[in-house]
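Comments concern the structure below.
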Amino acid sequence: MGIVAKQSFYNIISILIAFAIGAVNTVIFYPRFLGEAFFGLIVILLAESNILQPIFSFGLQHTLIKYFSATDDHREKDKLLWFSILIPIGVIFPSGILFFLNYDAIGHYLATENPLIADFIYLIFLIAISTAYFEIFLSWVRVQKKTIVGNFLKEVYQRVLISLLLLLYAFQWIDIQGFIYGIIIGYYLRLLIIMAYSLSLYRPVLIFELPKNYRQLIGYSALIFLSAFGASIIIDIDSAMLGKLVETKYVAYYKVAIFIAVIIDAPGRAMFQIVSPLVAEALNNDNKKELESLLKKSSTSLFLVAGLIFLLINANIDEIYKLIAFLNGNESFALAIPVVLMISTSKLFTAVLGCLNNIITNSKYFYFVPFFSIGSAVAVIYLNIVLIEQFGFMGAALATLTVISVFNLVKLLFVMRWFNIHPFAKETIYLLILIVFLYFGFSNVSIGFTPTIDILIKSVGITLIYLSVSYFTKLSSQVNRFIDNILKTIRSAIG
């Protein structure tokens, strides 16, 4: 098993574990223990922290990935690593002064519909610092092509942390303020762990010099910062704006729907942990053949796996929400069912593009990335303002679907024009037909048992048909090899 397949396999296992824990938190613990209001409050605070985080990291996590493999000089590598650690301080320190000097005004602005937010906005700033440095040290680990521990800390750790805090809150061992403090302490402990691990892999010599190409590094970081800031707005602005425009309970309904839909991201998040440095290497070595191979393989494999997850979610969505209502005693969450289809469709479109975003970000055309991201951010903010007022949280989902779809198409046309490559193959069309056929074939089927049994029966049927057709028609050689390895392991175990 190659480095991509092996580490992607372990990463996707940890991400699936993370989603399982997250499902328990989102569907059961949050609604039951915190209630709709506090659940929505935590969602809003973390969303606003995620929007702030790219400002503090200043794009340096991406700069590390692009430039670390561009030189064989260990001295320059060491200077790059120290550069990535020290530069954010120059952003965080003045930002902190402005934040706390205007603390009351910021709290008043954010608490238009939800007064509780004003009491806890310090979490936004403190968590943003922690996650900014975590992402930088995570990239430090990724350039060593060691992604498993970092991915576990990124995906599983924080969900386990939330589970423990929710249980402590449920047993009344902490109050909501203790819950907030627990999140902050837990995130900084995670940062210390990734710092220790990254230093165990590669310990740079302290050099009081700027890298030779520091102007280039700052220019690239600034552009990627604009891109990352725009991307974070696209991801989290809906929850943040909903927190200002609607009651927190609707943010909670929306968050559950978003959580269900973004499970489709799991395969991509696992694969890109290791594919991103490989894309950077292919570009640095001007290896177009390898670049095209990475794009097509990642596209077909991700579309196949994401397509199966899309079907399992949307063909069972009514039963899933019946189960949610049973588990937390609140049928109101089902109001957000259409959100699941809209967001999961946008995620499926993103999956079929494979590592296209990595190619643009790590190429000589990286200066176009901020235009894509800022354009997307402006569009999504405008559409959220217009559509939330008209359709409530459904408008937020529609805004996200529209913007992601349009700008995915723009980026696809860009890569086709400037790199003369694209992610599609004939297998892409076959997979699309298979997904559409199974969606309409199973989504309206009602078996009539309990929600759990209905989900199980339909999921087994969908999985068997989907994987059998995919395997025997050889739609993805990588997925077929993965299945062959599993079958070989089973045969060996049986004897």
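Bear in mind these aren't lab numbers, they're just calculated from the coordinates by the rules spelled out. Every value quoted in this text rests on a predicted model; they were computed, and no experiment measured them. Backbone-built Cβ (ideal geometry, glycine too); neighbour counts: all protein chains shown.
Would you work out the charge dipole size for region 3-483 about its Cα centre, treating the Cβ of every Lys and Arg as +1 and the Cβ of every Asp and Glu as -1, and quote it to the nearest 20 debye?
Here the size comes out at about 1520 debye.
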Of the listed pairs K297/K458; K255/K347; K79/K288; K77/K154, those with alpha carbons more than 18 Å apart are K297/K458; K79/K288; K77/K154
Going through region 353-426, which trypsin sites (Lys or Arg not before Pro) have at most 16 other Cβ atoms within 10 Å and a DSSP loop state?
-> K364
Burial-style ranking of 175-183, 47-55, average other-beta-carbon count within 10 Å with highest first, yields 47-55, 175-183
For region 343-495: relative contact order, % (alpha-carbon pairs under 8 angstrom, 6 or more apart) = 21 percent
Arrange the peptides 370-379, 153-162 so that the one whose residues have, on average, the most other Cβ atoms within 10 Å appears first.
-> 153-162, 370-379
With the charge dipole of region 3-483 built from beta-carbon charges (+1 for Lys and Arg, -1 for Asp and Glu) about the Cα centre, the Cα from I92, A282, I343 projecting farthest to the positive end belongs to A282
Quote the relative contact order of region 408-495 in percent (integer), defining contacts as alpha-carbon pairs under 8 Å separated by 6+ residues.
-> 22 percent
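Below 8 Å, C-alpha to C-alpha, sequence gap of six or more: please give me the relative contact order for the chain in percent.
Relative contact order, the chain: 21 percent.
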Considering the dipole of the chain built from charges on the beta carbon (Lys and Arg +1, Asp and Glu -1) around the Cα centre, which of L398, S293, L438 is farthest to its positive end?
-> S293
